[in-house]
């Protein structure tokens, strides 16, 4: 199984060089993770909209997805409200899980904050139970930090 590697983080830094548009960078970051990771079936971003206190679907790779997630709901909203990464070994055991794709069995969500303000989350789903490791969490947290360095 291929996990997140330092090389992916280096590739992200090079890929986003001199580009600061958040949507363009989300699109390329999602594509990079999609082509670099195996045993995943969805990867993408949800953008935080403070006026509605919700996450709205952003650039992604995978099947169609839920478009709105209230802050504090589901895995994505919970990770955002807690302000910390969330690894779920079995999403079917997560109270309040929002099932966008019945093929997804595990999930990792990394909240995105810049200057203390919530911007959204990076969300990755897998059809494999317990797909995401602590090392994946650490490297994806670094991935998000690199991503934030390249947006206004």
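Here are a few things to note about the model shown:
Here's the yes/no breakdown for (1) touching a residue at least 40 places away in the same chain (Cβ under 8 Å); (2) under 25 Å from residue 18 (Cα atoms):
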residue	(1), (2)
41	yes, no
48	yes, yes
64	no, no
84	no, no
89	yes, no
104	yes, no
131	yes, no
151	yes, yes
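- Number of positions in segment 8-32 that are in a loop (DSSP other than H, G, I, E, B) and in contact (Cβ under 8 Å) with a residue 60 or more places away in the chain: 5
- Taking segment 55-76 as the range and being out of contact with any helix residue (DSSP H, G or I) (no Cβ under 7 Å at 6 or more places or on another chain) and assigned to a strand (DSSP E or B) as the test, the residues that pass are 56, 57, 62, 68.
- Screening residue 90 on (1) under 25 Å from residue 148 (Cα atoms); (2) out of contact with any helix residue (DSSP H, G or I) (no Cβ under 7 Å at 6 or more places or on another chain); (3) modelled with pLDDT of 95 or more shows it passes everything except condition (1).
- For segment 78-112, the set of residues classified as under 15 Å from residue 46 (Cα atoms), in contact with a strand residue (DSSP E or B) (Cβ under 7 Å, 6 or more places away or on another chain) and outside any loop (DSSP other than H, G, I, E, B) consists of 78, 79, 80, 86, 107, 108, 109, 110, 111, 112, listed by residue number.
- When segment 56-76 is filtered for residues that are under 11 Å from residue 120 (Cβ atoms) and surrounded by 20 or more Cβ atoms within 10 Å (Cβ to Cβ), the ones remaining, listed by number, are 58, 69, 76.
- Test: residue in segment 116-124 that is assigned to a loop (DSSP other than H, G, I, E, B), modelled with pLDDT of 95 or more and within 22 Å of residue 38 (Cα to Cα): no
- Some residue of segment 33-45 being at pLDDT below 95, surrounded by fewer than 19 Cβ atoms within 10 Å (Cβ to Cβ), assigned to a helix (DSSP H, G or I) and in contact with a helix residue (DSSP H, G or I) (Cβ under 9 Å, 6 or more places away or on another chain): yes
- Taking the listed residues 113, 143, the one that is over 19 Å from residue 60 (Cβ atoms) and in contact with a helix residue (DSSP H, G or I) (Cβ under 9 Å, 6 or more places away or on another chain) is 113, with no other qualifying.
- A residue that is modelled with pLDDT of 95 or more, part of a strand (DSSP E or B) and within 29 Å of residue 7 (Cα to Cα) cannot be found anywhere in segment 136-144.
The values are calculated or read from the model by the stated rules, or taken from the named source; none is laboratory data. As the structure is a prediction and not an experimental result, all values here were calculated from the model. For neighbour counting, all protein chains shown are included, and Cβ atoms are generated from backbone atoms with ideal geometry for every residue, glycine included.
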